[in-house]
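The next block holds one structure in the form of structure tokens; read it before the comments.
The values are calculated or read from the model by the stated rules, or taken from the named source; none is laboratory data. None of the values given here were measured: they were computed from a predicted structure. Reconstructed Cβ throughout: ideal geometry from the backbone, glycine too, with neighbour counts over all protein chains shown.
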Amino acid sequence: MNKVAIQRLLLFILLVLLQVWLFNNIHLFGVATPFVYLYFTLKLPVKMNRNVVLMLSALMGLIIDLFGSTLGLNMSVMIIVGFLRFYLLKLFAPRDVFEDYVPSFETLGNFMFVRYAGTMILIHATVLHLMESFTLFDPIKLSLRILGSFVLTVLLVSAIESINIGEFKK
């Protein structure tokens, strides 16, 4: 295995461990739970085969489900996110930059990366909490959970990305 593949594997393992042991136990104000495992799908190379992206996203969701006993909830949401990733990159990436690169502050710029990540995180949080609650009985609490998880995850992903010093360059 080459250096980049080993780094991605280590990132995968680190994000799973952080999510399972730390972030799944955080419920800020009873509504906000960060989902940093989504960072792995955000950081996959743009030219990676879509089937591989879907498989890696599904695997990430499956492992989170196994440790969190959520019975396929995270896996299904990660498949949706993995599917929409290509279209979001086409929407937010400048046309002249759309080549073989890894989305980051460095390649997309701070504002565009936060827009790309924020959109993906908002889709993730919305679908996850809608599927989890499976009802619209209490729309205010549902909206607070989506918004709280979105804000907390965007802040954590931005913090992780700001300390990332280009390990995933091609």
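Scan the range 112-141 for residues that are over 17 Å from the mean Cα position of the chain (by Cα), in a helix (DSSP H, G or I), more than 21 Å from Met75 (Cβ to Cβ) and not charged (D, E, K, R) and jot them down.
Of everything in the range 112-141, those that are over 17 Å from the mean Cα position of the chain (by Cα), in a helix (DSSP H, G or I), more than 21 Å from Met75 (Cβ to Cβ) and not charged (D, E, K, R) turn out to be Pro139, Ile140.
So, in the range 1-47, how many residues would count as being farther than 18 Å from Ala159 by Cβ and free of Cβ contacts under 8 Å to residues at least 24 places away in the same chain?
Count: 12.
Sort out which residues of the range 26-63 are more than 30 Å from Lys141 (Cα to Cα) and either touching a strand residue (DSSP E or B) at 6+ places or on another chain (Cβ under 8 Å) or polar (S, T, N, Q) (or both), and write them in order of number.
Once the filter is applied, which keeps residues that are more than 30 Å from Lys141 (Cα to Cα) and either touching a strand residue (DSSP E or B) at 6+ places or on another chain (Cβ under 8 Å) or polar (S, T, N, Q) (or both), the range 26-63 yields Asn49, Asn51.
Is there a residue being closer than 23 Å to Phe134 by Cα, surrounded by 17 or more Cβ atoms within 10 Å (Cβ to Cβ), touching a residue at least 40 places away in the same chain (Cβ under 8 Å) and more than 13 Å from the chain's Cα centre (by Cα) anywhere in the range 48-64?
yes
Met1 - would you say it is part of a loop (DSSP other than H, G, I, E, B), loosely packed, with under 12 Cβ neighbours inside 10 Å and either among the hydroxyl-bearing types (Ser, Thr, Tyr) or touching a Leu at 6+ places or on another chain (Cβ under 9 Å) (or both)? Write out each step before concluding.
On the way: part of a loop (DSSP other than H, G, I, E, B): yes; loosely packed, with under 12 Cβ neighbours inside 10 Å: yes; either among the hydroxyl-bearing types (Ser, Thr, Tyr) or touching a Leu at 6+ places or on another chain (Cβ under 9 Å) (or both): yes.
Against the criterion (part of a loop (DSSP other than H, G, I, E, B), loosely packed, with under 12 Cβ neighbours inside 10 Å and either among the hydroxyl-bearing types (Ser, Thr, Tyr) or touching a Leu at 6+ places or on another chain (Cβ under 9 Å) (or both)), Met1 qualifies.
Suppose we filter the range 24-51 for residues that are more than 27 Å from Phe86 (Cβ to Cβ) and of a type outside the set (Phe, Trp, Tyr); how many remain? Write out each step before concluding.
Keep residues of the range 24-51 that are more than 27 Å from Phe86 (Cβ to Cβ), which gives 24-32.
Add one more test, that the residue is of a type outside the set (Phe, Trp, Tyr), and what stays is 24-28, 30-32.
Summing the residues that are more than 27 Å from Phe86 (Cβ to Cβ) and of a type outside the set (Phe, Trp, Tyr) in the range 24-51 gives 8.
If a residue has to be modelled with pLDDT of 90 or more and assigned to a loop (DSSP other than H, G, I, E, B) to count, how many in the range 9-44 make the cut?
Total meeting the criteria: 8.
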